[in-house]
Amino acid sequence: MKKIGVKIWHFLRAQWRRETLLAFIVTILLIGIFSFISKIPIGAAESEHDLIRQSQSVRTIIENPVNAPYKIATLALTTLSPTVRMARAISFTFYIGACVAMFYALKHWHTLQASILTTLAFGANAIMLSTGRLGTPMITVTSFFIFAGMLLWQVHTKSNKLVPFIVMSALGALLYVPGAIWFFIVISLVYSNRIRKLFKDVKRPAILIGVFIALVLLTPLVLGFIRDTNNLKEWLLLPPTLDWSQVPRSILRVPSAFIYRMPVEPLINIGRLPVFDIVSGVLFLIGLNAYLRKLKLDRTRVMIGAALVGIGIGALGQTTVAVIMILPFVYSVVAAGIEYLLDEWYTVFPRNPVARSFGMLL
């Protein structure tokens with residue numbers, strides 16, 4: 001009987017790695033959280049009603065194809081059940097995707113403990129939670145980080161058929177997200193040599209199929225730009241008019257949103273509370289100091305590029321969008337701070353299990 005139990009244990013261990021089991025548990029917990037927060041508030045906001053109106057038919061989606069994948073999903077789900085909770089479920093799916101991408105990326109950059117703690121802090125952030133439960137496409141601006149996670153998947157996977165196909169198809173779909181093009185440019189500039197090297201060993205048919213699907217997916221977006229240039233402005237996150245005298249003040253609003261106060265956004269924030277609490281702010285400063293010593297790392301350059309893009313978008317008056325866009329990168333810096341503190345704690349208590357566990361709790 002004991003041998004059978006051992007065999008079953010080894011089988012489960014071979015089939016379920018620790019990270020996979022953890023991701024499964026976290027996903028179940030997030031679904032449970034969504035079942036509660038999607039009821040808050042009970043009534044729908046006007047912006048949520050606007051989204052449902054923009055997604056009520058294929059024709060309305062084609063007229064303005066920006067965020068088309070999100071709108072198509074909204075159309076499908078609200079057709080089955082015309083409730084605001086269905087629209088919120090789509091946002092929460094992006095929220096889960098951002099959390100999974102966060103954990104996957106941090107797992108390759110930092111220790112497992114720091115990755116878990118940072119992912120939990122990122123997912124529990126009030127701005128992130130509120131945006132993830134709101135039935136509007138605002139959460140989709142985190143898609144660039146999801147794509148960055150896919151690129152890491154491409155780097156570390158052994159498959160040269162399915163993964164490139166998925167990555168190229170995802171690129172075509174995620175390019176519908178407003179502002180994501182700027183981050184894709186940053187990632188392309190930083191990882192240009194590595195991306196070429198990755199696809200050098202990929203079989204040509206897989207690349208051609210992926211490129212073809214990406215072009216097909218992007219065709220409605222391009223046609224939408226031709227029909228109405230306002231769609232292009234919305235996609236690029238350009239304001240209808242720009243007051244140059246307000247640009248310096250708008251630039252400062254992005255960093256101040258993290259440490260001082262957010263813009264007035266009653267749907268995703270209480271009052272004008274900042275993004276960071278005291279602990280997250282301190283950990284960010286510690287992590288920032290760690291990353292300043294590693295400027296040659298590709299991920300450091302991506303974070304610098306993301307920060308510049310976020311500040312640029314904020315300068316155009318899109319402060320809230322800029323904050324949500326760079327939030328995953330900001331928490332990647334927080335992960336470095338957590339890792340540094342844990343390393344220092346474990347140096348002081350190298351063998352004491354109680355003290356090491358207490359350090360994790362802290």
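The values are calculated or read from the model by the stated rules, or taken from the named source; none is laboratory data. Note that the coordinates shown come from a computational prediction; the quantities given were computed from them, not determined experimentally. Cβ atoms come from the backbone with ideal geometry, glycine included; neighbour counts cover every protein chain shown.
For the stretch 58-114, a tally of residues being within 30 Å of THR229 (Cβ to Cβ) and of a type in the set (Val, Ile, Thr) returns 9.
Residue by residue, here is whether (1) farther than 16 Å from VAL66 by Cβ; (2) modelled with pLDDT under 80; (3) part of a helix (DSSP H, G or I) holds:
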| site | (1), (2), (3) |
| --- | --- |
| PRO178 | no, no, no |
| ILE181 | no, no, yes |
| ILE185 | yes, no, yes |
| ARG194 | yes, yes, yes |
| LEU208 | yes, yes, yes |
| VAL211 | yes, yes, yes |
| LEU217 | no, yes, yes |
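Results for (1) outside any helix (DSSP H, G or I); (2) touching a Gly at 6+ places or on another chain (Cβ under 9 Å); (3) over 17 Å from VAL323 (Cα atoms), shown as yes or no for each residue.
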position: LEU242; (1), (2), (3): yes, yes, yes
position: LEU252; (1), (2), (3): no, yes, no
position: SER256; (1), (2), (3): no, no, no
position: PRO263; (1), (2), (3): yes, no, no
position: VAL282; (1), (2), (3): no, yes, yes
position: TYR291; (1), (2), (3): no, no, yes
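Might you check whether a residue that is over 23 Å from TYR104 (Cα atoms) and in a loop (DSSP other than H, G, I, E, B) occurs anywhere in the stretch 307-317? Among the residues of the stretch 307-317, at least one is over 23 Å from TYR104 (Cα atoms) and in a loop (DSSP other than H, G, I, E, B), which makes the answer yes. Restricted to the stretch 221-239, and to residues there that are of a type outside the set (Phe, Trp, Tyr) and more than 24 Å from the chain's Cα centre (by Cα), the residue that is nearest to ILE61 (Cα to Cα) is GLY224. Filter the stretch 51-72 down to the residues that are buried (at least 18 other Cβ atoms within 10 Å of the Cβ) and either assigned to a helix (DSSP H, G or I) or among the β-branched types (Val, Ile, Thr) (or both) and list them by number. Correct list: LEU51, ILE52, GLN54, ILE61, VAL66, ALA68, PRO69, TYR70, LYS71.
Report, by residue number, each residue of the stretch 219-239 that is touching a residue at least 60 places away in the same chain (Cβ under 8 Å), part of a helix (DSSP H, G or I) and not aliphatic (A, V, I, L, M).
Selection gives PRO220, GLY224, ARG227, ASN231, GLU234, TRP235.
Counting only residues that are without any contact (Cβ under 8 Å) to a residue 60 or more places away in the chain and hydrophobic (A, V, I, L, M, F, W, C), how many does the stretch 261-307 have?
Of the residues in the stretch 261-307, 17 are without any contact (Cβ under 8 Å) to a residue 60 or more places away in the chain and hydrophobic (A, V, I, L, M, F, W, C).
For the residues LEU295, LEU283, LEU288, the requirement of being aliphatic (A, V, I, L, M), at pLDDT below 85 and either surrounded by 13 or more Cβ atoms within 10 Å (Cβ to Cβ) or more than 17 Å from ALA124 (Cβ to Cβ) (or both) singles out LEU295.
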